[in-house]
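First up is the structure itself, then whatever we jot down about it.
The values are calculated or read from the model by the stated rules, or taken from the named source; none is laboratory data. Remember, predicted model here, so these are calculated numbers, not experimental data. With ideal geometry, Cβ positions are generated from the backbone for all residues, glycine too; neighbour counts draw on all protein chains shown.
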Protein chains: 2
Amino acid sequence: MAGERDILKRLRRIATHPAARDLLDDVAVLDGLVITHDSIAEGIHFFPFDPPASVGWKLVAVNLSDLAAKGATPVGALLSLTLAGENEWESHFLNGIEAACESYGLPLIGGDTIALPTGAPRVLGLTAIGRAGESVPHRGGAKAGDALWLVGTLGDSAAGLAQLRDDRNATGHLVDIYRRPVPQLGAGHSLAPHAHAMMDVSDGLLLDTLRLGEASRCTAVIDLDRVPLSSEFIAVRGGSPEARLFAATGGDDYALLGAFAPEFDPSTLNLPKGTTITAVGSLEMGDPGIRLVSDGRPIELPETLGHEHRQPAPAPVADRP
Amino acid sequence: MAGERDILKRLRRIATHPAARDLLDDVAVLDGLVITHDSIAEGIHFFPFDPPASVGWKLVAVNLSDLAAKGATPVGALLSLTLAGENEWESHFLNGIEAACESYGLPLIGGDTIALPTGAPRVLGLTAIGRAGESVPHRGGAKAGDALWLVGTLGDSAAGLAQLRDDRNATGHLVDIYRRPVPQLGAGHSLAPHAHAMMDVSDGLLLDTLRLGEASRCTAVIDLDRVPLSSEFIAVRGGSPEARLFAATGGDDYALLGAFAPEFDPSTLNLPKGTTITAVGSLEMGDPGIRLVSDGRPIELPETLGHEHRQPAPAPVADRP
């Protein structure tokens, strides 16, 4: 039996073309275009009872977040749609696709529609294409001494998901963020030319920082006290170290993590109004990986750093509503 | 309830960007690149007992056939892989992906890997990107008076599928063609600069010709007697009108259908050795659609012209082996 890691290793061995960037970047870069594909599955990435328009929105946002992390400007998308019975759900899903595409100037330019066996969980995919800016930061370009900055706040979506697990009728800001995340395209565009490395935080800050550290062959250090939390998150979960660990491992954040020269302050750039940008750590010489500090002292890493295999919002399989 | 046609109409209304080509072409054309995405689902497009390497091969071939029909040269692919339990199957599937990518010079440059709920049918997708040649023929560019030519033979794959439905251990040339189809990249590349319209025949010759006729606002005429059959097909199913109708509606053919000026003979072009190319009909002024003739006389269209919704090989859901 091949483990999941073996499958990913195998894919890396196949993908040797420079455009693949060793499959470390969530995107391919070809002919000045930045290309990404993310799929989501019912019962894994969304609840069967999530409003279908929000699932459509989210599929677009997941992909645009990958473009944002590379500073790319959206130019087109191909939708992979599955039909598994009545199409009421799909009709609303397309409302969400259309709304997100319009909001972010992403024209739908192709795709396909296939049937699924009756009752099979829906699997929906999107290929998003962006035009590269003057530079397309790698995940592996950070240097020892760099500062780590984070765009956005963490944990809102994971807290919203937790509310929905307790009560599928939960509402409020955190549920809204879980369902209608906002990709940081404007910030990504401004930051990319200055970033030594950049990626979106989709699987949990600690896991994604580990990946950035490994790809850049440095030790990444995250200061737990500086993990940015929204006032809405704090109102529900507080700002304790436990709450911050929850936020730093919850995933599904649509935040951007960038490494910049220590003397450079990216918060002085022309960022979209209301953008939260926070220095959360640094990179050091040392074993490729991650260290966590709080109150100036090293603290132990939690057992789980985030979600593997692009499962930003693992959800129990529930009955269809 | 929205019908499946409503969903497709809706997608066309959303996809207004010129790169989308009104979603009539199975590909998007952007910045000199030709981009396509096709997904396949277990129990719909392949049997659970099909060898997984052949499923991988086929997923690549399905997408390359779309590039072939536009005369594009493969430059890269993004794979959307699902993991649904043990990964033995996926490991063999990747062997097929790798073999097909190597055979056709298609580097794997990205994609994603997601989990599925346990026991869910696999859904596998590929985005294939090709470099456009000097022209990228539309489906809708044919003119009244054009001749219709077909590259390849028809019905082999559908006949192989029928053999597998009778006996899942069936073997032989037709089963091989069903499992390891060959996209007509070389022929497509040579034909594209001369074609007024071109598309791949994936859903059945009659259905795809109807689509070409509709897109080109002409009546397409197919001469059933000229539907090209392989000797292996004839050995199993004979060459009767019924067998030809089966071949012309079976789908999953990986053939190319092109419309050319009547005085132009595409069989004189430099085509790959062994290429079968046959004049199978023509285009006339008249209602957009299709007519069928045999022995010089009009004959009735069969009730089913092919497979809708990209179901090249609809298969009953069977138990996993």
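Quick look at the values:
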{"quantity": "Scan of the stretch B:137-185 for residues that are more than 19 Å from B:Ala247 (Cα to Cα) and of a type in the set (Asp, Glu), ordered by number", "calculated": "B:Asp146, B:Asp167"}
{"quantity": "Options B:Ala235, B:Ala243, B:Ala220; residue that is buried (at least 18 other Cβ atoms within 10 Å of the Cβ), within 17 Å of B:Tyr178 (Cβ to Cβ) and modelled with pLDDT of 95 or more", "calculated": "B:Ala243"}
{"quantity": "The stretch A:106-129 - residue that is touching a residue at least 60 places away in the same chain (Cβ under 8 Å) and part of a loop (DSSP other than H, G, I, E, B) and, of those, farthest from the other protein chains (Cβ to nearest Cβ)", "calculated": "A:Arg122"}
{"quantity": "Residue count for the stretch A:289-304, restricted to those that are touching a Ser or Thr at 6+ places or on another chain (Cβ under 7 Å) and modelled with pLDDT under 95", "calculated": "3"}
{"quantity": "Residues of the stretch A:106-137 satisfying the condition of being in contact with a Ser or Thr (Cβ under 6 Å, 6 or more places away or on another chain) and surrounded by fewer than 21 Cβ atoms within 10 Å (Cβ to Cβ)", "calculated": "A:Arg131"}
{"quantity": "Breaking point among (1) of a type in the set (Ser, Thr, Tyr); (2) in contact (Cβ under 8 Å) with a residue 24 or more places away in the chain; (3) surrounded by fewer than 24 Cβ atoms within 10 Å (Cβ to Cβ), for B:Ser103", "calculated": "(2)"}
{"quantity": "Qualifying residue in the stretch B:138-148 (condition: within 14 Å of chain A (Cβ to nearest Cβ), hydrophobic (A, V, I, L, M, F, W, C), buried (at least 22 other Cβ atoms within 10 Å of the Cβ) and part of a strand (DSSP E or B))", "calculated": "no"}
{"quantity": "Test: residue in the stretch B:127-139 that is touching a helix residue (DSSP H, G or I) at 6+ places or on another chain (Cβ under 8 Å) and under 20 Å from A:Arg10 (Cα atoms)", "calculated": "yes"}
{"quantity": "Which numbered condition B:Leu212 misses (of (1) without any contact (Cβ under 8 Å) to a residue 24 or more places away in the chain; (2) touching a Lys or Arg at 6+ places or on another chain (Cβ under 7 Å))", "calculated": "(1)"}
{"quantity": "Looking only at the stretch B:4-24, and only at residues there that are within 7 Å of chain A (Cβ to nearest Cβ) and in a loop (DSSP other than H, G, I, E, B), the one that is nearest to B:Glu86 (Cα to Cα)", "calculated": "B:Ala15"}
{"quantity": "The lone exception for A:Arg291 - which of (1) in contact (Cβ under 8 Å) with a residue 60 or more places away in the chain; (2) among the basic types (Lys, Arg); (3) not in a strand (DSSP E or B) it fails", "calculated": "(3)"}
{"quantity": "Some residue of the stretch A:11-34 being touching a His at 6+ places or on another chain (Cβ under 9 Å) and either assigned by TED's automatic domain parsing to the domain that holds A:Val151 or of a type in the set (Ser, Thr, Tyr) (or both)", "calculated": "no"}
{"quantity": "Residue ID - surrounded by the fewest Cβ atoms within 10 Å (Cβ to Cβ), chosen from residues in the stretch B:272-291 that are of a type in the set (A, V, I, L, M, F, W, C) and either within 19 Å of the chain's Cα centre (by Cα) or under 28 Å from B:Leu185 (Cα atoms) (or both)", "calculated": "B:Ala279"}
{"quantity": "Conditions (1) modelled with pLDDT under 95; (2) more than 22 Å from A:Ala19 (Cα to Cα); (3) facing another protein chain (nearest Cβ under 10 Å): number failed by B:Asp31", "calculated": "(2)"}
{"quantity": "Any hit, the stretch A:202-214, residues being among the charged types (D, E, K, R), at pLDDT below 95 and in contact with a Pro (Cβ under 8 Å, 6 or more places away or on another chain)", "calculated": "yes"}
{"quantity": "In the stretch B:63-91, the residues that are facing chain A (nearest Cβ under 7 Å) and in contact with a strand residue (DSSP E or B) (Cβ under 9 Å, 6 or more places away or on another chain)", "calculated": "B:Val75, B:Gly76, B:Leu78, B:Ser80, B:Thr82, B:Leu83, B:Glu90"}
